[in-house]
1. Given a cut-off of 13 Å, what percent of all Cα-Cα pairs of the stretch 1-73 lie beyond it?
2. Please report, to one decimal in angstroms, the Kirkwood hydrodynamic radius of the stretch 104-174 built from all distinct Cα-Cα pairs.
3. Rounded to the nearest 10 Å², what accessible area does ARG115 show when all protein chains are kept and the probe is 1.4 Å?
4. Out of the total accessible area of the chain (probe 1.4 Å, heavy atoms of protein only), what percent is carbon and sulfur?
5. Length gain on complete extension for the stretch ALA131 to ASP216, per 0.36 nm per residue less the alpha carbon to alpha carbon distance?
6. With no solvent and one point on each alpha carbon, what is the Debye value of log10 I(q)/I(0) for the stretch 5-240 at q = 0.10, 0.14, 0.15 Å⁻¹?
7. Assuming a ≥ b ≥ c are the square roots of the Cα gyration tensor eigenvalues, decide whether the stretch 1-132 counts as rounded (a/c under 1.5), prolate (otherwise, with a/b larger than b/c) or oblate.
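The values are calculated or read from the model by the stated rules, or taken from the named source; none is laboratory data. Source: prediction; values computed, not measured. Surface areas here come from the heavy atoms of the whole protein model, side chains and all, with no ligands, DNA or RNA. Shrake-Rupley method; radii C 1.70, N 1.55, O 1.52, S 1.80 Å.
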Amino acid sequence: MSLPLVVANWKMNTSLADASVLSTLIRNNLRNISGVQVVLCPPNIWLQEVASVLEISGETVSLGAQNCYPEASGAYTGEISVTMIKDLCRYCIVGHSERRHYFKETNEFISEKVRALLANDLIPILCVGEAHRADNSVDLVIAQLKGSLDDVEKEDYGKIIVAYEPIWAIGTADSAESDYADRVGQRIKQIMGAEATVLYGGSVTAENIEHFTGLDGIDGVLVGGASLKASEFVKICEKMVGGK
Ligand code: PGA
């Protein structure tokens, strides 16, 4: 069985100096930890800096991007391609609700990114989640998941990490109840396969992390706000050890 996974999504936060200090503190504090896998996703412009900080940290902490453009190169001003990311990262977040909302990204476009990442041996962290608590929430999540996997080969599903992030729980301090997150995670595994890695995201903190360990449907967490404080993020990682 794979190790529990903790992914830090720094979003559009940190200066160059902040990124350097934060990644150094995380690296130093997690240097001797085992039993958990950690991925830091800083803003793309700091990937090189964080990569150089992490270089000597070994296998526990690795690097991911927050977004990518599916073409390899060309006239796409301001975009960063999958092949560029590949030089520095093993993972890339795709389909985050903020990208779906603010940048109008569709399931179709997100599935293009998933396919491009897989074609380049990168691991997509595909985010899905419903906007509101409602009776049909789980069905909406599953429909969004299937839409975001358009034209992705079924045999590749096991290479994709799915992050279940209810939008109402993101940045609100109102995290999902464990049995609800577990139930959605198990439904996602019915699509992705029993061995698939499913994360929960949405107001995860060092205080509530125990709610998301030891569940059949959830194999780790995607952390936004709490990943910007080194000591809190390290605590989350430590509490995840053996948490699966
Ligand atoms: P949050 O963000 O932990 O601040 O709620 C999670 C996310 O958006 O990935």
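1. Details: 1696 of 2628 pairs.
Roughly 65 percent, rounded to a whole number.
2. Values: mean 1/r = 0.0777 Å⁻¹.
For the stretch 104-174, the Kirkwood estimate is 12.9 Å.
3. Result for ARG115: roughly 80 Å² accessible.
4. Details: 5520 of 11190 Å².
Using a 1.4 Å probe with all protein chains present, the chain comes out at 49 percent carbon and sulfur.
5. Details: separation 85, 0.36 × 85 = 30.60 nm, distance 2.39 nm.
So the chain would gain 28.2 nm between ALA131 and ASP216.
6. Those come out to -0.42, -0.85, -0.99, one per q.
7. Values: a/c = 1.65, a/b = 1.48, b/c = 1.12.
Here the stretch 1-132 falls in the prolate category.
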